[in-house]
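The values are calculated or read from the model by the stated rules, or taken from the named source; none is laboratory data. Being a predicted model, the structure only gives us computed values, none of them experimental. Positions of Cβ are backbone-derived with ideal geometry, glycine not excepted, and every protein chain shown enters the neighbour counts. All accessible areas refer to the heavy atoms of the entire protein, side chains included, with ligands and DNA or RNA removed. Shrake-Rupley method; radii C 1.70, N 1.55, O 1.52, S 1.80 Å.
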Amino acid sequence: MILKFLIWALLFGSVWVAAEPILPLHSVATDARKVALGRQLFFDTRLSRNNEVSCASCHQLATHGADNTARSKGVAGRLGDVRAPTVYNSVFNIRQAWDGKAIDLKAQVTLPVENPKEFATTWPVLIATLNEDKAFVSAFTQVYKNGLSSDAISDAIAHYERSLITLNAPFDLWLQGKGSLSEQAQEGYRLFKYYGCINCHQGKNVGGNMFAKMGTFGDYFGDRGTPIEPADYGRYNVTGREADKFTFKVPGLRLAARQTYFFHDGSEQSLTGAINTMARYQLGRSLSQSELEAIEAFLESLVGQHQEMTQ
């Protein structure tokens, strides 16, 4: 027991942190040269047909790593099938995309390239376009000896995305005994655990590490008032298993307080509404106004910092 205490103390600064279902965020190892190349590519519209959009078009880093629409616009203004999730802290997700179709960040990069609703191009065309930029090719081959390829481009962007971690959130500092947290936020965290939100939203990213059915205690899709679309089947579209219908990767909540649309379908436009919907359909509960405000205060305390963020 003494040895365990010492290990916890060295890793987290207190035994209390290790006992909590949410742990502070931390940076992960990256190659600085690959991160720099990945950042350039992340903002480069040449990755799409006719230079129309970039990764940053849907994942706006100045705010919360997604965009302010229910569904993002790709090439020719085509709308995507689901709401763009935040790219911040995505390195801690068990898989990428709402249905988990990408095993990791590197695999996820390939998804929008040939998607007609997103970049609407092909890898050969994309690589040929980038090869026309001799300065970029020179810089790229200094890091990737075999030059431009789909694998190398995906790897560089993935390295950049691994660096997008929002550190020093008030909640994390409080967990580590390095800062204070308002009584309202602490009450929100207590309620978050007491009512069972923590069963799906835990770990470093306060989610992102499991899949869950949308509508455990009610017919979410029936009540939504709009027809069921293929994307609504979620994980089923990847596995083909009937049990996976309407199941999605649980989103991380680190920047939920900064979002403007919620859920895979972007059907909710307020944090209060999102909490209410989750309480009703995932927990079978109805929350009071004071409880809602307390949970909102807790979610606000999860917002950390990153040099790309301005809001």
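Data overview
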{"quantity": "Segment 56-105: C-alpha gyration tensor shape, a/c 1.5 cut-off, then a/b vs b/c", "calculated": "oblate"}
{"quantity": "Highest-fluctuation residue, Y194, Y144, Y220 considered, GNM on the chain with Cα pairs under 10 Å", "calculated": "Y194"}
{"quantity": "Cα-based convex hull, segment 146-292, per residue volume (Å³, whole number)", "calculated": "157 Å³"}
{"quantity": "Accessible surface of the chain [probe 1.4 Å, protein heavy atoms]: carbon and sulfur percent", "calculated": "53 percent"}
{"quantity": "Unit Cα scatterers, Debye sum, the chain: log10 I(q)/I(0) for q = 0.08, 0.10 Å⁻¹", "calculated": "-0.39, -0.60"}
{"quantity": "Euclidean distance between Cα centres, segment 124-197 to segment 72-119, Å", "calculated": "14 Å"}
{"quantity": "Reachable lysines from K134, criterion Cα separation under 25 angstrom, eight or more residues apart if same chain", "calculated": "K34, K106, K145"}
{"quantity": "Degrees between helix 134-143 axis and first principal axis of the chain (Cα, 0 to 90, nearest 10)", "calculated": "60 degrees"}
{"quantity": "Reach of K213 by Cα under 24 Å, taken over lysines that are not fewer than 8 positions away in the same chain", "calculated": "K101, K193, K204, K245, K249"}
{"quantity": "Folded to 0 to 90 degrees: helix 183-194 orientation relative to the chain principal axis, Cα", "calculated": "90 degrees"}
{"quantity": "Two-decimal Rg/Rh across segment 162-228, once Rg and the Kirkwood Rh are taken from alpha-carbon atoms", "calculated": "1.10"}
{"quantity": "Acute angle (nearest 10 degrees) that the helix 289-300 long axis makes with the longest principal axis of the chain, alpha-carbon atoms", "calculated": "40 degrees"}
{"quantity": "Per residue accessible area in Å² of the chain, where ligands, DNA and RNA are left out and the probe is 1.4 Å", "calculated": "48 Å²"}
{"quantity": "Length-normalised contact order for segment 200-305 - Cα pairs under 8 Å, 6+ apart - percent", "calculated": "29 percent"}
{"quantity": "Cβ-defined net charge surrounding T63, 13 Å radius [Lys, Arg +1; Asp, Glu -1]", "calculated": "-1"}
